[in-house]
Amino acid sequence: MTTFPSFDGHFWVERNGEIIDFYFPEYNFIKKVNGCGGEPIYLSAPLETQQLVIKIMDNCVKSVFKGENIEESKKNLCLFSIKYGRETPQFNCCLQNCYMEIYKNGGNLVFGSMGWRKKNGTIHYEYGGENYLTWKDFKK
């Protein structure tokens, strides 16, 4: 049985130069606990790391949602999600949320770090970190 690896990072969609991500009420708690405010801050992982992580996740999707190729497997995942009422974005399901967004509206999948700015100007990365450059860093 294929399992998706556990990691400390975040996926989002980029379309026409705009970041498409979903804001969940749970983020308000995370921001308050960490003394953060404002809009999310995104830091893309190096391209080589993104390509590796996306390939790892794609292989898991293809193994579970059998298709002739990865695009068909992602479509199968989206259709399965719709069938079982998981069409709307869900907290802590960034990859599935992104696959669904791309299925519906297009765009490019991006992997990296996401957080918010603290009052002292530093950034609290809830997912990933400023020095996360390789898959090994994100897999901590």
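Just so it is clear, none of the values below were taken in a lab; they were calculated from the coordinates. Being a predicted model, the structure only gives us computed values, none of them experimental. Cβ atoms come from the backbone with ideal geometry, glycine included; neighbour counts cover every protein chain shown.
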In what sequence do H10, H124 fall when counting other Cβ within 10 Å, fewest first? H124, H10
Calculating Cα extents along the principal axes in Å from this structure picks out, from (1) 48, 30, 28; (2) 50, 32, 31; (3) 45, 26, 24, entry (2)
Residue by residue, what Karplus-based ³J(HN,Hα) values in Hz, rounded to whole numbers, does the range 115-120 have, using 6.51, -1.76 and 1.60 with θ = phi - 60° and x for Gly and Pro? x, 9, 7, 8, 4, 7
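Once every DSSP H run of n ≥ 4 in the chain is given -39500 (n - 2.57) and the sum is divided by its residues, what mean residue ellipticity at 222 nm do you get, rounded to the nearest 500 deg cm²/dmol?
The per-residue figure over the chain is -12000 deg cm²/dmol.
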Those residues of the range 7-29 whose amide nitrogen sits under 17 Å from the label point placed on N108, 7 Å along Cα→Cβ: 11-21
Do you know the Lys pair count in the chain for C-alpha distances under 12 Å, with sequence separation 8 or more or different chains? 10
What are the semi-axes of the equivalent ellipsoid of the range 52-135, taken as the square roots of 5 times the eigenvalues of the Cα gyration tensor, listed largest first and rounded to whole Å? 29, 16, 10
